[in-house]
1. If each label sits 7 angstrom from Cα along the C-beta direction, how far apart, in nm, is A:Val52 from its counterparts in the other copies?
2. Could you quote the convex hull projected area for the range A:120-231, Cα atoms only and averaged over all directions, in nm²?
3. Taking the Kirkwood radius as the inverse of the mean 1/r across Cα pairs, report the Rg/Rh of the range A:115-183.
4. In the structure displayed, which of B:Lys59/B:Lys163; A:Lys129/B:Lys59; A:Lys204/A:Lys227 lie more than 24 Å apart, Cα to Cα?
5. From the helices alone, meaning DSSP H stretches of at least four residues, give me the mean residue ellipticity at 222 nm for chain B, per-run term -39500 (n - 2.57), in deg cm²/dmol to the nearest 500.
6. Considering only the label points, 7 Å along Cα→Cβ from Cα, what distances in nm to one decimal separate B:Thr195 from the same position in each other copy, shortest first?
7. Quick one: compute the contact order of the range A:30-84, relative version, from alpha carbon pairs under 8 angstrom and 6+ residues apart, as a percent.
8. Viscosity 1.567 mPa s, temperature 4 °C: Stokes-Einstein D of the protein assembly as shown from its Kirkwood Cα radius, in µm² per second?
Protein chains: 2
Amino acid sequence: MLIDDDKLKSTIRDIPLFSELSIEHLRKISSFSKIKSFKKHEIIFNEGDFYVGFYILLKGGVKVFKTSSKGKESIVHLVSPLTAFADIPLFEGGNYPVGAQTLEESLTLFIPKEKFLELIYKEPGISLKMLAGFAKRLKSLINQLEDLSSKEVPNRLAKYLLKEIRISGTENLPEPFIKLSIPKSAIASYIGTITETLSRTFKKLQDEKIIRVSGKRIFVIDLKKLKELAK
Amino acid sequence: MLIDDDKLKSTIRDIPLFSELSIEHLRKISSFSKIKSFKKHEIIFNEGDFYVGFYILLKGGVKVFKTSSKGKESIVHLVSPLTAFADIPLFEGGNYPVGAQTLEESLTLFIPKEKFLELIYKEPGISLKMLAGFAKRLKSLINQLEDLSSKEVPNRLAKYLLKEIRISGTENLPEPFIKLSIPKSAIASYIGTITETLSRTFKKLQDEKIIRVSGKRIFVIDLKKLKELAK
DNA sequence: CATTTAATCTGACTTAAGTCAAGGAAAACT
DNA sequence: AGTTTTCCTTGACTTAAGTCAGATTAAATG
């Protein structure tokens, strides 16, 4: 156990999915769920594994991906802390339809399927929360889908950068920036391209004086142009 | 009113979402929902319209689409009968994030947001049903996303054709076939390409003796090859 | 049924982005 | 610190699929 029980309960509170549960329920959840820690690049589960439950990322970074018949992997979700992943098959039956692997050392909360479904039957409030969460993800997947088919790589990269800047909270600085904590190859796959093309696109945006790259940091010189590209 | 009330209630029963509701609840739903009929090519709602509720297609065909900033439309959902659409914003707030338009003369059941949410609070079984439905769609969107980024047009078309053949129930015939009820332009957009490319791809599959096209009917000559292409 | 309108096809051309191959840079690991 | 491994970049080339323009066919409508 890497964090103590009280800390865990207050962390569970921060998870949108569980934000409105009573102390009682939080205790219950923490009683049947397990903290699991993973090293960098460790596999959490493989596509096709027997489904036993879902995870909430507490700390670190995780990629959720599908592997095509030709072995090419495409990342469908870059998980950030306090977000659930692999919760879809809870209601679908079957095995894990995707694989998950850490991008850095990570801490997760594992929630076993059966116990959780029991709880959800008793506590309908949770299902409404989950519906809201699923709705949000459906919407974002639909957007991703539309972007992928109607926009080019520079547009998709711009959109990704803007999202990251919003998360970083540096949006209103004279030079908003982000620090990449994941390899560029993961970004490439996530926005639906390959590393070579991504590398060239980064260069292109630099040539156009829209961004400035310094190691793992990307500074936005011209936010207006970036937003223009993204929409 | 184009179908009588009893017929309507038994139709509602066939909708997966409502399949396990009591007569009481079915009556309730049919009391506050409205049958709306639409002509061919009629707009049901536009992207950005104020959200008032969702629809269930009873008869006909509907496309759900997003329009990019450059005016290019991409179809995110080809709705077939007994399927709900525009139900995502129920839990998300905001306006309609997509537009919907009929592809042929259609009959829908309109279910107003507020009334439905009231019902769902009282009847938690519905939310579990909806969760299952959302989970299924999330999974299918993830698959679409993966296909779009890892596969080429012929592969995507093959996959689409196979899905339609499964629906048509002719899978085990010596020559499985489907009858296109929607314009090819809709298929093109749905699989993420344009009509010209789709036309050439159809030709390619014909040259390779995988399919045979006769008007609006597509016959599969070589199912094995088609499946090979799709995976 | 004739004529307007919409859908589909075909060809010539362009282009974004993928593949292949090779060097460099940065990180991780004794 | 030095070496191995992973990550990133660059160049030359190829290709799938998009754009543009025009022709053909099918469908809708008076």
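Coordinate-derived values only; no laboratory data. Computed from a prediction, not measured in an experiment: that's the story for all the values here. Note that each Cβ is placed from the backbone with ideal geometry, even for glycine, and that neighbours are counted across all protein chains shown.
1. With the label placed 7 Å along Cα→Cβ, A:Val52 yields 5.1 nm.
2. 8.5 nm²
3. Dividing the radius of gyration by the Kirkwood radius yields 1.17.
4. Listed pairs above 24 Å: A:Lys129/B:Lys59.
5. My calculation for chain B gives -14000 deg cm²/dmol from helical runs alone.
6. 4.2
7. 31 percent
8. Reported coefficient: 53 µm²/s.
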